[in-house]
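Q: This is the structure, below, for whatever I ask next.
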Amino acid sequence: MLAALGVAGWLLFARPGRAPTTGAPAPRANLLLVSIDTLRADRTGGALTPALNALAARGARFVNARSPVPLTLPAHASLMTGLLPPRHGVRLNGAHRLAAGTPTLATVLRRAGYRTAAFVGAYVLDPRFGLAEGFEAYDAEIPRRDEVAGELEAERRGDLVVDRAIAWLSAQSAGAPFFLWVHLYDPHAPYAPPPGWTERAGGHPYDGEVAFADAQLGRLLQAAGAQGGDGRTVVVVAGDHGESLGDHGEPTHGLLIYDAAVAIPLVVAGPGVTPAVRRDAASLVDVAPTVSRLLGVEPLPGASGRDLLSTGAAASEAEIYLETDYPATAGFAGLRGLVSGRWKYVGGAEHPELYDLASDPGETKDVSEVHSGTSAGMGARVRALEASAVPPATATPSAEAAERLRALGYIAAAPAAPVPGSAPASPRALVAVWPEFQAALADVAGGRYAAALPTLARLARDFPASPLFASSHARALDEAGRGREALAAYRRALERWPGNTVLLQGYATAARTAGLPDEAMKAEQAVLALDPTDAAAENGIGLLHADQGRPAQARDAFRRALALDPHVVSYWVNLGNACRETGEAAEADDAYRRALALDPGSVDAMNGVGALLVQAERAGEAIGWFERAVEAAPDFYEAWLNLGIARQEAGNRAGAIEAYGRVLDAPPRYAKERSAASRLLASLRSQNEGQR
């Protein structure tokens, strides 16, 4: 039935009718598409979303809309292509990409003469995952301090995204219509709205994120209205998926396909749209066919969705397909589902479930045994769709991508192979242990290894098919300073998953820490063999060269890392350090300042600029840079040491003695800095004695 609907939609719009024209043609409508990540449908329509409410009042609001998948990248692939995940092949964040050449709203509209631009708020929609094709501008510039998960800035706040989008709008001249896509990530976990927004939302941080995102939507709508006029702009606002917030035991989203995680807000407004509240079933795949007809452009070929605004659309009984393969990345079974009228089918590793949404909207009572025929029929339709699925276009799950996505609460790896002789465990088992897993990761991030390690060890033991639990346990051991145990844990895991780049990258880091540079280099090179675009592996190779006193080779590796990803602050700092060693002061200075442009608080870059100034015999200018660094990071003992040197060269002996003294008070692990400070302090005191 889903396939038939897709064909019917194509036939309906293959030959759009055109009104006779006289004189100058009417200007074509613009398209403003706003996707708000992780936005529960039940958080809209009230006090939290005044901007969206006002838009809905002059447009069509679909109150029974769902996402086909509770994951950001696959959901946006469906939004842009009008295809269900089995048909576009993007089933997972980070592991898959939209195949090159796949028709999207951007490619069709650009071919029709539209100016096209996108501004996204999270790394999960980075251009490497395939959605940038067709956009003249695709702004995914999300600064990140480091490739380590706990230090990543893997998202941009909505106000920064909207600032960029408004600047682009303001630069557009009259003439060609525009297609602008803006992605707001704010409601996604962790919930940390700007100051004041939690209080405005009654003390609930998630609701504060929703209210903040709506305020940014309001700014954008105002700017778009001023640029193109409300009468010439079709506006679509959609959630990409919901958020469980504990419903059915799921803290966030991705593991289950109950409505808390897949029900979404969907509003369409603008020319050709009659204001209405629509209760018929709708899906993200319906957006592309709907706007294609509104704009009078060619329909996307083979779209799975339907035009929601066509004659009779409100009375249609469309079936809504649902899925998630997210649990499979942790070694658990994925889920497939279908909504048809009042019925909702959920199939997975255990017996299938059936819910009567008319009497049980909370999906609390499984009626599959009572209505076995309905359940069997819906299950058969789901299996038929899955049987015709296209193979995914793989974006090799690089360790860098996995670490970034882990910082967002995601996992990025190919599904694990099942343990021989066993079936994948139900995702409900994963839901049961997920809160303690997240608590253990929080303990690791906070340095509370004694609390975290027993939990992670137990999860790795109890769920042997999960590379996620295995890698998390090994990494925690490494961070806790238990290097031999970490290496052993990584080796055991790599025996089972030799091509897992997350494990290989972790092993490389542990081997470098343990003083095994050859082992680390082999692991980094293995990552690049699997994924030549992995910038973190190139950076790791650069660090290994630097450790061995090969600054020229290190510089070249850092350059390669930055060519692959120019938005990681530590890569620029590393390049600056290597160029300083090779005597390329101009490139070193440029690298440090690029790091500061990405993160004005980068103390490593401040220290680098100061070191260059000392080398250039401009110690007086260097002092301020070192002082800024130690003020921001009082335990940055290398900067204290450099501050002492700069003060000494500038003639401030008392200040130099103070700085060296701070270094001498450093913990024992800063032996190199302490030794240097001791020698310099002794030399300084000797000079003082000689002058007496």
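Q: With only alpha-carbon pairs counted, each pair once and no self-pairs, how large is the Kirkwood hydrodynamic radius of region 470-599 in angstroms?
A: It works out to 15.0 Å.
Q: In degrees between 0 and 90, to the nearest 10, how far off the longest principal axis of the chain does helix 483-496 point, with axes built from Cα atoms?
A: So the inclination is approximately 30 degrees.
Q: Could you give the spread of the C-alpha atoms of region 213-252 along their three principal axes, from largest to smallest, in whole angstroms?
A: 45, 17, 9
Q: Would you kindly calculate the translational diffusion coefficient of region 594-649, applying Stokes-Einstein with the Kirkwood radius from alpha carbon pairs, for 4 °C and a viscosity of 1.567 mPa s, and quote it in µm² s⁻¹ without decimals? Provide the component values of the computation, followed by the final result.
A: Working: Rh = 10.8 Å.
Rounded to a whole number, D works out at 120 µm²/s.
Q: Now, a different point. Return, ordered by residue number, the residues of region 82-121 whose backbone nitrogen is under 15 Å from a label point located 7 Å along Cα→Cβ of Glu136.
A: Those under the cut-off are 106-119.
Q: What is the angle, in °, between the Cα long axis of helix 653-664 and the longest principal axis of the Cα atoms in the chain? Nearest 10 is fine, range 0 to 90.
A: Helix 653-664 sits at roughly 60 degrees to that axis.
Q: Viscosity 1.306 mPa s, temperature 10 °C: Stokes-Einstein D of region 293-386 from its Kirkwood Cα radius, in µm² per second? Kindly include the intermediate steps, with their values, before the conclusion.
A: Details: Rh = 15.2 Å.
The calculation lands on 104 µm²/s.
Q: Give the shape of region 309-361 as rounded, prolate or oblate, defined through the alpha-carbon gyration tensor: a ≥ b ≥ c are the square roots of its eigenvalues, a/c under 1.5 means rounded, and otherwise the shape is prolate if a/b is larger than b/c and oblate if not.
A: oblate
Q: Cα gyration tensor of region 190-258, axes a ≥ b ≥ c as square roots of the eigenvalues: rounded (a/c below 1.5), prolate (a/b > b/c) or oblate?
A: Since a/c reaches 1.5 but b/c is at least a/b, the shape of region 190-258 is classed as oblate.
Q: Next question, about the same structure. Determine which residues of region 272-299 fall in the zone a paramagnetic label at Glu317 would reach in this model, i.e. backbone nitrogen under 16 Å from the point 7 Å along Cα→Cβ.
A: Backbone N within reach: 280-282.
Q: Find which of Ser78, Asn64, Phe129 sits farthest along the positive direction of the dipole of region 36-167, computed with +1 on the beta-carbon of Lys and Arg, -1 on that of Asp and Glu, about the Cα centre.
A: The Cα lying farthest towards the positive end belongs to Asn64.
Q: Can you find, among Gly331, Val287, Gly302, the residue farthest towards the positive end of the dipole of region 256-348? Put +1 on the C-beta of Lys and Arg, -1 on that of Asp and Glu.
A: Farthest along the dipole direction, towards plus: Val287.
Q: Let me ask another. If eta is 0.890 mPa s and T is 25 °C, what Stokes-Einstein diffusion coefficient results for region 491-540, Kirkwood Rh from Cα pairs, in µm²/s?
A: Answer, rounded: 233 µm²/s.
Q: How much length, in nm to one decimal, is gained on full extension between Leu664 and Gln615, taken as 0.36 nm per residue of separation minus their Cα-Cα distance? Present the calculation step by step, with values, prior to reporting the outcome.
A: On the way: separation 49, 0.36 × 49 = 17.64 nm, distance 2.35 nm.
My answer for the length gained is 15.3 nm.
Q: Using mean Cβ contacts within 10 Å as the protection proxy, how do 649-655, 263-269 order, highest first? Could you put the intermediate results ahead of the total?
A: Working: 649-655: 14.4, 263-269: 24.6.
Final packing ranking: 263-269, 649-655.
Q: May I ask which residue of Val614, Gly644, Ser678 lies farthest towards the positive end of the charge dipole of region 594-692, with charges of +1 (Lys, Arg) and -1 (Asp, Glu) on Cβ and the Cα centre as origin?
A: Highest projection toward the positive end goes to Ser678.
Q: In bins 5 Å wide, starting from 0, what share of all Cα pairs of region 68-132 does each bin hold, as a percent?
A: Per 5 Å bin, starting at zero, the Cα-Cα P(r) for region 68-132 comes out as 3, 19, 30, 25, 16, 5, 1 percent.
Q: How are the C-alpha pair distances of region 228-363 spread across 10 Å bins, as whole percents from the shortest bin up?
A: Reading upward from the zero bin: 11, 36, 32, 17, 4, 0.
Q: Could you tell me the center-to-center distance, by alpha carbons, between region 285-339 and region 234-250 in angstrom?
A: Result: 16 Å between the Cα centres.
Q: Excluding residues on the same chain fewer than 8 positions from Lys365, give the aspartates and glutamates whose Cα lies under 12 Å from its Cα.
A: Glu353, Asp356
Q: Still on this structure: Bins of 10 Å, beginning at zero and ending with the bin holding the largest distance: percent of Cα pairs per bin for region 287-339, please.
A: Histogramming region 287-339 at 10 Å steps yields 20, 35, 25, 17, 3 percent.
Q: Could you state the principal axis extents of the C-alpha atoms in region 449-547, from the largest down, to the nearest angstrom?
A: Dimensions of region 449-547 along the principal axes of its Cα atoms: 36, 25, 18 Å.
Q: For region 169-312, just the Cα atoms, rotate onto the principal axes and tell me the three extents in Å, largest first.
A: 45, 35, 26
Q: About the Cα centre, and with charges only on the beta carbon of Lys, Arg (+1) and Asp, Glu (-1), how big is the dipole of the chain? Nearest 20 debye, please. Can you show the working numbers first?
A: On the way: 65 positive and 77 negative charges, 191 e Å.
It comes to approximately 920 debye.
Q: Need one number: convex hull volume per residue for region 594-692, Cα atoms only, in Å³.
A: Convex hull volume per residue, Cα atoms: 93 Å³.
Q: OK, next. With r as the distance between the Cβ atoms of Glu631 and Ser678 and R0 = 30 Å, compute the FRET efficiency 1/(1 + (r/R0)^6) and round to 0.05.
A: Taking R0 as 30 Å, the efficiency between Ser678 and Glu631 is 0.80.
Q: Also: Roughly how many Å² is the accessible area per residue of region 430-565, as a whole number, for a 1.4 Å probe?
A: For region 430-565, the per-residue accessible area is 42 Å².
Q: Follow-up question, since we're still on this one. Can you check how the C-alpha radius of gyration of the chain compares to 2.2 N^0.38 Å, as a plain ratio?
A: That ratio works out to 1.06.
Q: While we're looking at this one, here's another question. Between Arg448 and Gln553, with labels modelled 7 Å along Cα→Cβ, what's the label distance in nm to one decimal, could you check?
A: 4.3 nm
Q: Okay, moving on. Among bridges DSSP assigns within the chain, what percent are antiparallel (round to 5)?
A: Working: 27 of 55 bridges.
Here the share of antiparallel DSSP bridges comes out near 50 percent.
Q: In percent, what relative contact order does the chain have, based on Cα pairs under 8 Å that are 6 or more apart in sequence?
A: Over the chain, the number comes to 14 percent.
Q: Relative to the longest principal Cα axis of the chain, at what angle does helix 449-462 sit, 0 to 90 degrees, rounded to 10?
A: So the inclination is approximately 50 degrees.
Q: If you look at just the Cα atoms of region 569-616, how large are its Rg and its Dmax in Å?
A: For region 569-616, the Cα radius of gyration and maximum Cα-Cα distance read 9.1, 26 Å.
Q: For region 29-171, just say rounded, prolate or oblate: build the C-alpha gyration tensor, square-root its eigenvalues into a ≥ b ≥ c, call rounded for a/c under 1.5, and beyond that prolate if a/b exceeds b/c, oblate if not.
A: rounded
Q: With +1 on each Lys and Arg Cβ and -1 on each Asp and Glu Cβ, how big is the dipole of region 444-491 about its Cα centre, in debye rounded to the nearest 20?
A: 80 debye
Q: Which order, highest average first, do 93-100, 194-201 follow once you tally other Cβ atoms within 10 Å for each residue and take the mean per peptide?
A: Numbers: 93-100: 22.6, 194-201: 14.5.
The peptides rank, most packed first, as 93-100, 194-201.
The values are calculated or read from the model by the stated rules, or taken from the named source; none is laboratory data. What you see is a predicted model; the values in this text were computed from it and never measured. Cβ sites come from the backbone with ideal geometry, for glycine too, and all protein chains shown count toward neighbours. What goes into the accessible areas is simple: the full protein's heavy atoms, side chains included, and nothing from ligands, DNA or RNA. Shrake-Rupley method; radii C 1.70, N 1.55, O 1.52, S 1.80 Å.
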